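Everything below concerns the one structure shown next.
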Amino acid sequence: MNNDELLQNVVQTRNILIKLDGMQNKRNRARIAGQNSENLKISKWWLVLAIIASYALSGIHYLVGWIAFFVLICAFIYLRKMNKRLLKKPELNIENIDQEYNQNFEELNTSIIPQDYRNLYSLNKIEGYLRNNRADTLRDCINLLEEDKKHEEQIENLKRIQDQNDELYQLALQNNIDQEQEQNMQG
């Protein structure tokens, strides 16, 4: 596989990953819409109870009962309208989303990129190696990627050690200041 074909496969794989991520978000929204539908069914029972309660309260506190009844009717109407809007959206049809998700997932499995490197970070790095002529083959790209990862880990470890050294230096400096103040007070 030549450099251009490899680059095209990397870009295609990245685009599929981005689509799959967006579809996962759509799936979540569709599930929430389904949950809202269930909540609407439950709220119908609350509405019935509210009507009964408002009649019961109307004998005791006429105004309180009717205010409660009005508030619950408004909430019910609002939930119903929201639910209808969500369920009418074709992009929130869970079956369509699942079908499209599965198609894209199958397409992703045709990629020559190994499973461990099918993430945006790795694909962006591999694309950079190919575009900058740092590598010509997938193997070269993966080797460079692993070297870069090790290098980044070493830099993070060095930063962590530097931070620890700075803390120790500050403690030692404070300890010296404390000892000098003690000696000045004694002497």
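Bear in mind these aren't lab numbers, they're just calculated from the coordinates by the rules spelled out. Predicted model only: the values in this text are computed from it and were never measured. Cβ atoms come from the backbone with ideal geometry, glycine included; neighbour counts cover every protein chain shown.
Can you compute the FRET efficiency between Asn3 and Arg31 using 1/(1 + (r/R0)^6), with r the Cβ-Cβ distance and R0 = 35 Å? Round to the nearest 0.05.
0.25
Report the net charge of residues surrounding Asp148, where surrounding means a beta-carbon distance below 12 angstrom and charges are Lys +1, Arg +1, Asp -1, Glu -1. Spell out each step's value before the answer.
Numbers: positive: Lys125, Arg134, Lys149, Lys150; negative: Glu146, Glu147, Glu152, Glu153.
Within the 12 Å Cβ shell, the charges total 0.
Quick one: net charge around Asp166, please, counting Lys, Arg +1 and Asp, Glu -1 for every other residue with C-beta under 14 Å from its C-beta.
Details: positive: Lys159, Arg160; negative: Asp163, Glu167.
Combined, the nearby Lys, Arg, Asp and Glu give 0.
Which of the peptides 174-180, 102-108, 10-16 is most tightly packed, and how do the rest follow, judged by the mean count of other Cβ atoms within 10 Å per residue?
The densest-packed peptide leads the list: 10-16, 102-108, 174-180.
Sorted by average packing, counted as other Cβ atoms within 10 angstrom per residue and highest first, what order do 114-121, 152-159 take?
114-121, 152-159
Ranking Cys141, Cys74 by Cβ neighbours within 10 Å, fewest first, what do you get?
Working: Cys141 25, Cys74 10.
Taking fewest neighbouring Cβ atoms as first place, the list is Cys74, Cys141.
Which ³J(HN,Hα) values in Hz, rounded to whole numbers, follow from the phi angles of the range 147-162 under the Karplus curve 6.51 cos²θ - 1.76 cosθ + 1.60, where θ = phi - 60° and Gly and Pro get x?
Working through the residues one at a time gives 4, 5, 4, 4, 4, 5, 5, 5, 5, 4, 5, 5, 5, 5, 5, 4 Hz.
For Met185 and Gln99, compute 0.36 nm times the residue count separating them, minus their Cα-Cα distance, and round to one decimal in nm.
Extra length from Met185 to Gln99 when fully extended: 22.9 nm.
What's the exposure ranking of Lys19, Lys149, going from fewest to most Cβ atoms within 10 Å?
Lys149, Lys19
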